[in-house]
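Data block below; observations after.
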Amino acid sequence: MSGLAKRVLVSALLPVARLAQTVGEPWRRLWAHTRLRAAITGSVDPSVVILGAAEVRGTGRIELGRELFLYPGLYLETQGEGRISIGDEVVMSRGVHVVAFQEVSIGSGTLIGEYASLRDANHRFGGERAIRWSGHEAAPIRIGRKVWIGRGVMVLPGVTIGDGAVIGANAVVTRDIAPGAVAVGIPARILEMQRRGGAIQKR
């Protein structure tokens, strides 16, 4: 296709694209909302904003709070007795993965950056069987209130992150993080502690 033909076709289709964006977006969000409600055992409050259909796998034992903001590419999986609990006013950015074989809880007001992964189970390995058939070892993940988890963070089984903590981008959280701590790195280590009133205390 020549450049001229492409310009003409784009100009002709532009009004259609704008109309589809204006009219179609509310319907896409409504469909995403309906699909999520159909896939989980809990309810989805009308205040929840879903920008793209979430992928839900497993048992669907998921509880959602109010006024969530969920970006496209969200992946939620629960297996066996595992459950996911998400508090009010949580933001989950594009591509976030949450997997629970036991429990993953996320406190109100928390923000989770793009492509972060919270998985409460690891594969067993080292025996005669292939890893995929060897089962899992699980321990709960608990994220406090108003936690900021940066882009690409991985939170491993058994970790508790305290209220108001900040986890820097691409960190791997292998142990508990205290409330108000700023943690970075692989494995994540506490860089500094936040004081009340916004002042920072170096560590």
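Read the figures in this text as sums done on the coordinates, not as results from a lab. Just so it is clear, the model here is predicted, and its values are computed rather than measured. Backbone-built Cβ (ideal geometry, glycine too); neighbour counts: all protein chains shown.
At-a-glance table
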item: Candidates Val104, Val48, Val96, ranked by Gaussian network fluctuation over the chain, Cα under 10 Å, top entry; result: Val48
item: Note, ³J(HN,Hα) from phi for region 94-99, Karplus 6.51, -1.76, 1.60, rounded to Hz, x at Gly and Pro; result: 4, x, 5, 10, 10, 10
item: Degrees, to the nearest 10: 3-39 long Cα axis against longest axis of the chain; result: 50 degrees
item: Percentage relative contact order, region 47-203, counting C-alpha pairs under 8 Å, at least six apart; result: 13 percent
item: Taking Ile86, Ile40, Ile190, Ile131 and counting other C-beta atoms within 10 Å, the order from fewest to most; result: Ile131, Ile190, Ile40, Ile86
item: Under 5 Å, built H, 5+ apart or other chain: amide partners of Val155; result: Ser117, Leu118, Arg119, Val173
item: FRET efficiency estimate (nearest 0.05) - Cβ-Cβ, Ala130 to Asp176, R0 45 angstrom; result: 0.85
item: Derived scalar couplings ³J(HN,Hα) [region 131-146; Karplus, 6.51 cos²θ - 1.76 cosθ + 1.60; whole Hz; x for Gly, Pro]; result: 4, 4, 9, 8, x, 9, 10, 10, 8, x, 10, 10, 9, x, 7, 6
item: Sorted by Cβ density within 10 Å, fewest first, the residues Trp148, Trp31; result: Trp31, Trp148
item: Glu89 long-range amide H proximity, modeled H, under 5 Å; result: Arg66, Glu67, Leu68, Gly109
item: The chain - share of DSSP beta bridges that are antiparallel (%, nearest 5); result: 20 percent
item: Sequence-distant residues sharing a close amide H with Leu191 (under 5 Å, placed H); result: Val182, Ala183, Val184
item: Rounded FRET efficiency, nearest 0.05, which uses the C-beta distance separating Thr59 from Thr22 and R0 of 41 Å; result: 0.60
item: Sorted by Cβ neighbour density within 10 Å, fewest at the top, the residues Leu156, Leu36, Leu70, Leu30; result: Leu30, Leu156, Leu36, Leu70
